[in-house]
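The values are calculated or read from the model by the stated rules, or taken from the named source; none is laboratory data. These numbers were taken from a predicted model, which means no experiment stands behind them. In this analysis, Cβ positions are derived from the backbone assuming ideal geometry, glycine residues included, and neighbour counts consider all displayed protein chains. When the accessible area is computed, the model is the full protein with side chains, heavy atoms only, and any ligands, DNA or RNA have been set aside. Shrake-Rupley method; radii C 1.70, N 1.55, O 1.52, S 1.80 Å.
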Amino acid sequence: MEEKCISNSRRCYKQWFGFMVLIMSSCVSYVDAVWPMPQMISSSMARYTLNPREFLFQYSSGSSVQSGCSVLDSAFKRYFPLIFTDYSAARPRQHDEWFRFPFTVVVHVDRAECEDYPDADSSESYKLSVRSGQAALRAETVWGALRGLESFSQLVYQDDFGEYFVNETEIEDFPRFQFRGILLDTSRHYLPLHAILKTLDAMSYNKFNVFHWHIVDDPSFPYQSSTFPDLSSKGAFHPSTHVYTQIDVKRVIAHARLRGIRVLAEFDSPGHTQSWGKGQPGLLTPCYKGTVPSGTFGPVNPANFSSYQFMSRLFKEVTSVFPDSYIHLGGDEVDFTCWKSNPDVRGFMLKMGFGTDYTKLESYYMENMVNITKGLNKTAIVWQDVFDYHEKIPVDTVLHIWKGSPGQIQQELSSITLAGYRVILAAPWYINHINYGQDWKTYYTIQPLNFTGTEQQKKLVIGGEVCMWGEYVDATNLSPRLWPRASAAAERLWSDERMTSSVIDAYPRLVDFRCRLLRRGIQAEPLFVGHCRHEYQGI
């Protein structure tokens with residue numbers, strides 16, 4: 001963190017749901033607020049020196065979790081070098097080692113969930129108190145403890161001589177929204193495993209908690225299915241180098257779990273499935289030119305019973321591989337042209353009484369897909385098109401808003417929540433779109449609940465998501481395009497909107513946080529002219 005110094009002046013800010021910092025007459029160091037801003041934080045000018053040789057993490061005697069908890073034991077090892085970035089023997093001290101005056105981070109967790117996965121209802125609240133010689137971190141769950149450890153790590157800073165300090169601080173914190181996601185598209189460009197894992201690391205620094213893995217699409221099918229191996233062997237860019245094996249997927253899920261991040265898999269259909277057809281003959285709809293097949297194919301054929309048999313078997317596997325209780329079914333951007341050209345599909349439409357309304361055909365397909373996943377004890381998330389086409393889906397289905405002008409988005413939020421559905425907002429945060437200048441300000445000032453509706457309707461907005469679609473993104477530019485622009489959305493989704501509405505106040509904090517990301521090995525692009533004390537040192 002960059003050193004801050006103010007001479008011959010005194011400033012005092014104190015706010016509940018805010019941040020307090022005291023700077024007295026002489027030049028002193030202080031620490032900026034944590035990013036994203038906690039719900040309640042107060043910090044004084046009293047600071048304590050930290051010595052990496054006399055520092056340890058330990059569980060409180062009354063904590064429900066103790067040594068042996070995989071989530072927190074690994075977090076202690078992970079955060080030690082993140083806190084003491086210049087310390088060569090970067091390992092956490094053990095609780096049985098003797099020190100004269102050790103600084104101890106004492107962690108107390110109310111509920112033992114060490115071997116579980118985070119879920120949609122997991123509590124991430126925590127309380128952190130930093131006093132002389134000790135930081136007391138209390139959380140209901142290990143997931144909240146992870147968020148508290150991240151906040152503590154950001155409170156630690158260095159002076160020009162390399163000494164480590166932490167200020168006396170009190171934090172009470174919890175997320176504003178339960179769903180705070182990042183979408184990565186691994187079909188349009190294959191992302192190597194290390195790029196995904198590094199993104200998960202950066203997500204944890206920003207307190208994102210859902211990795212939405214848009215794993216397959218039209219261009220390629222990199223998911224290596226054990227039930228249908230031809231899907232990747234014929235549908236991936238390369239059958240061995242550009243695939244995610246079952247071991248790769250498990251590694252991503254395990255890496256995410258240890259950081260309190262859910263992995264939400266998306267297998268989008270009936271559109272966006274061109275790569276599927278290469279390894280599953282008969283799945284896609286043959287397109288016709290007049291009365292003759294054209295040799296091209298459209299979306300999944302909804303008129304064939306075999307399509308649903310295939311989907312049942314595939315999703316039985318997918319839901320066993322991905323442990324999250326939610327699955328994303330897609331359902332967006334279905335081009336009806338091929339369906340309209342196919343005589344078998346037209347005959348099915350007539351049989352079902354759909355007339356010439358092909359939105360009813362898509363509805364029929366998506367209703368079947370939702371029922372398949374419901375039978376597998378999974379809750380479906382679908383893109384907003386499914387709602388817009390008036391499809392009959394269970395009320396526990398989650399709708400995902402991805403398109404529209406600001407006014408249209410507000411209307412969509414009103415309509416979906418009025419119908420009683422939960423909703424995730426992604427449309428304002430398509431950050432694969434780039435503009436010259438500081439477009440992070442646009443993402444920062446989004447107001448997710450700025451729509452006409454009752455308080456009960458607004459409670460149905462469960463969160464938001466930053467989307468990084470892959471037409472022009474691969475491992476070479478993923479991180480700098482994502483960070484710190486996604487960090488703006490991270491604060492909007494975690495923090496109190498009333499206390500984080502000013503981009504002027506946010507700018508210096510985000511600059512500091514971007515420098516912290518660089519020091520942690522994340523290639524975060526600059527916000528504007530300037531420098532970091534520790535510039536990016538390479539991969």
- Item | Nearest-10 value in Å² for the accessible area of K360, using the 1.4 Å probe | 100 Å²
- Express in nm, to one decimal, how much length is gained between D110 and K441 on full extension, taking 0.36 nm for each residue of separation and deducting their alpha carbon distance. 115.3 nm
- Note on the structure: Taking r as the C-beta separation of D344 and H390 and R0 as 30 Å, the FRET efficiency to the nearest 0.05 is 0.75
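What is the gain in length, in nm to one decimal, between Y308 and K234 on full extension, counting 0.36 nm per residue of separation less the C-alpha to C-alpha distance? It would help to have the intermediate numbers written out before the result.
Numbers: separation 74, 0.36 × 74 = 26.64 nm, distance 2.10 nm.
Length gained, Y308 through K234: 24.5 nm.
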- Cα centroid separation, region 455-532 to region 221-267 (Å): 27 Å
- Set Lys and Arg Cβ to +1 and Asp and Glu Cβ to -1, take the dipole of region 198-253 about its Cα centre, and tell me which of M203, S240, S225 lies farthest positive. M203
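Quick check: with the 1.4 Å probe, what order do T199, T291 take by accessible area, largest first? Could the numbers behind the result be given before it?
Numbers: T199 5, T291 125 Å².
Ranked list, largest accessible area first: T291, T199.
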- Which number comes out as Rg/Rh for region 244-306 once both Rg and the Kirkwood Rh are worked out on C-alpha atoms? 1.21
- Note on the structure: Result for the chain: accessible area per residue, probe 1.4 angstrom, in square angstrom, of 41 Å²
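May I ask you to compute the full-extension gain from T227 to L376, defined as 0.36 nm times their residue separation minus their alpha-carbon distance, rounded to one decimal in nm? Walk me through the intermediate numbers first.
Numbers: separation 149, 0.36 × 149 = 53.64 nm, distance 1.63 nm.
So the extension gain works out to 52.0 nm.
At a 1.4 Å probe radius, which order do S67, S363 fall into by accessible area, largest first? Write out the running numbers ahead of the final one.
Values: S67 95, S363 10 Å².
The residues order as S67, S363, largest area first.
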- Enter the accessible area of F103 (Å², nearest 10), with the probe set to 1.4 Å and all protein chains included. 10 Å²
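Among the DSSP beta bridges whose two residues both lie in region 179-504, what percent are antiparallel, rounded to the nearest 5? Display every interim value, and only then the final one.
Values: 4 of 37 bridges.
Here the share of antiparallel DSSP bridges comes out near 10 percent.
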- Message: Distance cut-off 18 Å, Cα to Cα: go down the list K278/K316; K316/K374; K289/K340; K198/K250; K127/K207 and report the pairs above it.
- Response: K278/K316
- How much of the accessible area of the chain, probe 1.4 Å, is carbon plus sulfur, in whole percent? 53 percent
- Rg and Dmax of region 325-423, Cα atoms only, in Å: 14.4, 40
- Site Y430, offset 7 angstrom along Cα→Cβ, radius 17 Å on amide nitrogen, limited to region 157-185, gives 182-185
- How much mean residue ellipticity at 222 nm does the chain get from its helices, if each DSSP H run of length 4 or more adds -39500 (n - 2.57) and you divide by all residues, to the nearest 500 deg cm²/dmol? -9500 deg cm²/dmol
- Rounded to whole angstroms and listed largest first, the alpha-carbon spread of region 130-274 along its three principal axes comes to 61, 34, 22
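Quick one: ranking S405, S495, S320 by accessible area, 1.4 Å probe, largest first, what do you get?
Values: S405 50, S495 0, S320 90 Å².
Putting S405, S495, S320 in descending order of accessible area: S320, S405, S495.
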